[in-house]
1. Please indicate, with yes or no, whether at least one residue in segment 59-68 is within 22 Å of His296 (Cβ to Cβ) and under 23 Å from the mean Cα position of the chain (by Cα).
2. Could you tell me whether any residue of segment 51-69 is aliphatic (A, V, I, L, M), in contact with a His (Cβ under 8 Å, 6 or more places away or on another chain) and either without any contact (Cβ under 8 Å) to a residue 60 or more places away in the chain or farther than 21 Å from Gly215 by Cβ (or both)?
3. Please go through segment 199-234 and give me each residue that is assigned to a strand (DSSP E or B), within 10 Å of the ligand (Cβ to nearest atom) and over 20 Å from Ser244 (Cα atoms), ordered by number.
4. Take segment 403-426 and flag every residue that is surrounded by 14 or more Cβ atoms within 10 Å (Cβ to Cβ) and touching a Ser or Thr at 6+ places or on another chain (Cβ under 8 Å).
5. Got at least one residue in segment 242-260 being assigned to a strand (DSSP E or B) and more than 10 Å from the ligand (Cβ to nearest atom)?
6. Only one of these is among the charged types (D, E, K, R) and within 23 Å of Thr135 (Cβ to Cβ): Glu287, Glu240, Glu251. Name it.
7. Determine if segment 117-126 includes at least one residue that is under 27 Å from Met85 (Cβ atoms), more than 10 Å from the ligand (Cβ to nearest atom) and without any contact (Cβ under 8 Å) to a residue 60 or more places away in the chain.
8. Could you pull out the residue among Glu187, Glu178 that is in contact with a Gly (Cβ under 6 Å, 6 or more places away or on another chain) and either more than 16 Å from the ligand (Cβ to nearest atom) or touching a residue at least 24 places away in the same chain (Cβ under 8 Å) (or both)?
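Every read-out reported here was derived from the displayed coordinates using simple, explicitly stated rules and does not represent laboratory data. The shown structure was predicted, so the numbers you read here are calculated from the model rather than taken from an experiment. Cβ: placed from backbone, ideal geometry, glycine included. Neighbour counts: every protein chain shown.
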Amino acid sequence: MFEKVLIANRGEIALRIHRACKEMGISTVAVHSTADADAMHVRLADESVCIGPPPAKDSYLNIPAILEAAAITGADAIHPGIGFMSENQRFAELVQEHGFTFIGPSPEHIRIMGDKVTAKATVMEQGLPTVPGSTGAVKSLDEAYQIAKKTGYPVLIKAAAGGGGKGMKVAQNEDGLEEAWSLARGEAKAAFGNDEVYMEKYLGNPRHIEIQLLGDHHGNCVHFGERDCSIQRRHQKVVEEAPSPALNAKEREFIGNLAAKTAGAIAYRGVGTMEFLYEDGEFYFIEMNTRLQVEHTITEMITGVDLVREQIRVATGVPLGYTQEDIEFNGHSIQCRINAENPDTFIPSPGKITNYHAPGGLGVRVDSAIYEGYKIPPNYDSLIAKLVVSGKNRNECILRLKRTLGEFVIGGVDTLLPLHSRIIAQPDFINGDYSIHWLEKYLAAEDAKKNAKK
Ligand code: ADP
């Protein structure tokens, strides 16, 4: 087992990883930018190293500084967390070349899945269904017109290097294709330095269903069921739940086993998530994330498994030690992402937290690194807390979520708390009747109502 792990991240996820390490008897090294000198992940870690100024490119993305911090503190392994260096093949290679263990998949798996064109081709070879569209990268606008003619409109142009919903544009019809094509490529170039795009049929009413996977270094791979992450804004998840209210036991078993079989066939190791769109009883693979997900929490709540602990354990090379049959599912769990953003305009709201009260009680978990007096820096992601609630069933979970949202106080900055209270009170949400387009339609309808009153 590792004696010391360097956590190359910040905020709630750095704290989450720190907690798993402590329970495993592993000491932790935090790294931080000058903007995060007072951050909770730094305060709680056994050691900390400042790795640069506030901009992420100079600190949390500064590979030499991170490796140096690992060397001077004598860390055995580096956990990349979520975002930042977590899906950077070169980083994973360099970590290993410098004699540390990278707590994550092999650099080769990061490469294959990081390019969505290669990822789709790889899983298709293993028999996974994918969204109809181009068979690889689309090289020209002429080719795009031909593919769209075959699949039918609307179509989606997507960045091969995509992530975070960037570089993705819909063309409703032939007239809109040229614009979508150039906008997607422009955005992809700006965000990822790579303007390669591919195409998919734009599904009208799908749900986002993803499967949590874990593989070891010995070819064993299991799944921990699905998460429904259909409540999204601008292709970004806002609320997640497990299990999905849309799947029956047969579908659940089918897609879970198929995903685990595919990951096993490519000898995937570590935690990973295969994402699917689900429409009219059919699943379509869209991508695989080769890291921990923000919403891993809800899976932990219904399985009782500490996924970060398992991730660290398999990184040492030990076999899983259990099989699919040993994984049990109990109850229901929902996560609300609490961003420091205006709940109507979604404009980020950094600043000082003047008062703070977190909810508690049975079935309530708050993963957060904020505290009263903490100053949210403007430089990073606006996620400041994850409210994770679980119950015996979905109904109990929703009632508990309503209660906890009412107790949660985060003063001094705007947050999405009021939006979450509104979402979970909607009949569609209560009935589990929503697709990936539901939240945007709901927000547009609310705006229209407000404007009509003016
Ligand atoms: P990213 O890596 O940028 O998050 P994904 O491929 O995972 O991109 O897609 C993000 C979200 O975009 C999905 O959860 C879904 O809401 C939407 N999306 C992706 N592909 C399609 C599609 N073919 N049709 C409709 N919506 C899609």
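1. Yes, because at least one residue in segment 59-68 is within 22 Å of His296 (Cβ to Cβ) and under 23 Å from the mean Cα position of the chain (by Cα).
2. yes
3. Met199, Glu200, Lys201, listed by residue number.
4. Leu405, Gly412, Val413, Asp414, Thr415
5. So far as segment 242-260 goes, yes, one or more of its residues are assigned to a strand (DSSP E or B) and more than 10 Å from the ligand (Cβ to nearest atom).
6. Being among the charged types (D, E, K, R) and within 23 Å of Thr135 (Cβ to Cβ) holds for just one of Glu287, Glu240, Glu251, which is Glu287.
7. yes
8. After ruling out the rest, the residue left standing is Glu187.
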